[in-house]
1. How many lysine pairs are close in the range 59-151, with Cα atoms under 21 Å apart and the two 8 or more places apart or on different chains?
2. Per residue and in cubic angstrom, what volume does the convex hull of the Cα atoms of the range 68-169 have?
3. Can you list the residues, at least 5 places off or on another chain, whose amide H is less than 5 Å from the amide H of TYR88, using H built in the peptide plane?
4. Arrange the peptides 135-144, 79-88 so that the one whose residues have, on average, the most other Cβ atoms within 10 Å appears first.
5. Please give me the summed charge of the neighbours of GLU112: other residues whose Cβ is under 12 Å from its Cβ, Lys and Arg +1, Asp and Glu -1.
6. Taking amide H positions as placed in the peptide plane 1.01 Å from N, state which residues far from ALA127 in sequence (5 or more) or on other chains have amide H under 5 Å from it.
7. With θ set to phi - 60° and the Karplus curve 6.51 cos²θ - 1.76 cosθ + 1.60, what are the ³J(HN,Hα) couplings of the range 150-156 in order, to the nearest whole Hz, using x for Gly and Pro?
Amino acid sequence: MNKTISLLVFLTLVSCSIFSSNKSTETDDGLTKKKRSGAVSVKDRVMSDESDGFFSSSKEVDKLGNQNIMWKATLNALNFIPINTADYDGGMIVTDWYSPSSSNESIKINVEFNSNEIKVSSITVKAFKKTCSKELTCKTSSMNENFNRKIKNQILEEVKKLEIKSKTRN
């Protein structure tokens, strides 16, 4: 009886892994990453206009990246840093910890969307800095308002570029 149950459990596990669509790939640094078939990056979703979300109205569907220029501009402005979470429905983009060099400091940026209007108060930027010692003890602190304002200004500059680009197309 135990052998039969063990065999059934084994066959179930094996059959699940055979049909799994996850694939592993090895990166240049030797790390193994799993890749889902059909997975689409945030940037790809923006360009393809596939998602409805937080900023849609009851009359008209606001396609991701199509009509919400603030969302698309934010992704463009933060293209230098890996995105950890991009939740269009929740109106938030959170980057991963990023260090441009082999320094002991890294930054993380959170952008919260307050509305879909194109104005300064429509987004809130909060950045954090993590400093780690050689003993791997880390301290996290908020970045100063000047840094947050600089990121916000980059996003707003990107909005201007995208608006000009969309007007020249029409």
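Just so you know, all these numbers are worked out from the coordinates, no wet-lab data involved. The structure presented is a predicted model; accordingly, all values stated were derived computationally and were not measured. Here Cβ is always computed from backbone atoms with ideal geometry, including for glycine, and neighbour counts include all displayed protein chains.
1. Number of lysine pairs found: 19.
2. Taking only Cα atoms, the range 68-169 has a hull volume of 103 Å³ per residue.
3. For TYR88, whose amide H was placed from the backbone, there are no distant partners under 5 Å.
4. Averaged packing, sorted descending, gives the order 79-88, 135-144.
5. +1
6. ASN110, MET143
7. For the range 150-156, the Karplus curve yields 4, 5, 4, 5, 4, 5, 5 Hz.
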